[in-house]
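Visitor: Handing you this structure, nothing more for now.
Just so it is clear, none of the values below were taken in a lab; they were calculated from the coordinates. The structure presented is a predicted model; accordingly, all values stated were derived computationally and were not measured. Here the Cβ positions follow ideal geometry from the backbone for every residue, glycine too, while neighbour counts run over all protein chains shown.
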Amino acid sequence: MKTVKYILPVILIGILISCGGDGNDDNPDPVIVSPPEAATLIFPENNTECIEGTIISDTESSVTFLWNASENTDSYTVNLRNLDTNTSQNLSASTNELVITLMRGTPYSWSVTSKADDTDETAESNLWKFYNAGPAVENYAPFPADVIYPTMGSSIDAGSITLSWEGSDVDNDIDSYDIYIDENNPPSTLLGNTTSSGIDFEAISGKVYYWKVTTKDASGNSSNSEIFQFKVN
């Protein structure tokens, strides 16, 4: 009987240990959430005239925007910008296409933001530009130029620099660029006219400069970039 008295507690302890498991349930492995990947744009194509779509009126048409579905993505935002008015729209989509009403004969830029429900991270596609076709348009104005250097809002060292930009045109007939720069916004001082995509400028320490590019084509059309700004150390 004495032997039984000692064996029973040992059995009870063994049962308690087996019921408690190995303790790993209190610290489960973390769930790894993969961030969304960037979408690849398909249509409207970059630097082209969009002649597809449904005409709604003399001033509007609807166009189906398409992009490749991206991995780890639950929804998308189409970022659309009217380059004539510099107004933007952010339009939600649950699939990789969206019908959007546009102004006819108007330049636009667009990109797509990929989003996932389980993470705050997003992914951005490339930025494309296109002209939405209009009635009886024989030659389109150039797209507004994009800044290359100095980047918008940047700080640079004083001295001789080269202002640089990128121009594009559906008709591929860009003729030249007028560059305006001064300390006032909007800038009105003509720095020069050039056929290249860069022009030299002497930046003075402590100054804040505003500048823009007017792109001209061989048919006499023109477009103004947005106003860029930089500070000189």
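Visitor: Note down the nm distance, to one decimal, between modelled labels 7 Å out along Cα→Cβ at Ala158 and at Leu91.
Guide: Each label point lies 7 Å from its Cα, and together they span 4.9 nm.
Visitor: What's the magnitude of the charge dipole for the chain around its Cα centre, counting Lys and Arg as +1 and Asp and Glu as -1 at the beta-carbon? Answer in Debye, nearest 20. Please report the intermediate quantities before stating the final value.
Guide: On the way: 10 positive and 34 negative charges, 176 e Å.
Once rounded to the nearest 20, the dipole reads 840 debye.
Visitor: Assuming R0 = 25 Å, what is the FRET efficiency of Asp74 and Thr101, from their Cβ-Cβ distance, to the nearest 0.05? Each step should come with its number before you reach the end.
Guide: Working: r = 25 Å, r/R0 = 1.01.
According to the calculation, E is roughly 0.50.
Visitor: Out of residues 5 or more away from Leu191 or on other chains, whose amide H comes under 5 Å of its own, with H placed 1.01 Å from N in the peptide plane?
Guide: Under 5 Å from the amide H of Leu191 lie the amide H atoms of Ile179, Tyr180, Ile181, each far enough along the sequence or on another chain.
Visitor: Through the Karplus equation 6.51 cos²θ - 1.76 cosθ + 1.60, θ set to phi - 60°, convert the phi angles of region 211-223 into ³J(HN,Hα) values in whole Hz; use x for Gly and Pro.
Guide: Computed from phi, the couplings for region 211-223 are 8, 8, 10, 9, 9, 10, 10, 5, 8, x, 7, 8, 9 Hz.
Visitor: Please report, to two decimal places, log10 I(q)/I(0) for the chain at q = 0.08, 0.09, 0.12, 0.16 Å⁻¹ as given by the Debye formula with identical point scatterers on the Cα atoms and no solvent.
Guide: Log10 I(q)/I(0), no solvent term: -0.46, -0.54, -0.82, -1.13.
Visitor: For region 52-125, just run the numbers: alpha carbon Rg, then divide by 2.2 N^0.38 Å, N being how many residues it has.
Guide: Values: Rg = 13.5 Å, N = 74, 2.2 N^0.38 = 11.3 Å.
Normalised Cα radius of gyration, region 52-125: 1.20.
Visitor: Quick one: compute the contact order of the chain, relative version, from alpha carbon pairs under 8 angstrom and 6+ residues apart, as a percent.
Guide: Values: 532 pairs, mean separation 38.0, N = 233.
Normalised by residue count, the contact order of the chain is 16 percent.
Visitor: Give me the mean projected area, in nm² to one decimal, of the convex hull enclosing the Cα positions of region 101-211. Show your work: numbers first, answer last.
Guide: Details: hull surface 41.5 nm².
Average of the hull's projected areas for region 101-211 equals 10.4 nm².
Visitor: Distances over 19 Å make up what percent of all Cα-Cα pairs in region 173-233?
Guide: Numbers: 557 of 1830 pairs.
Taking all Cα-Cα pairs of region 173-233, the fraction more than 19 Å apart is 30 percent.
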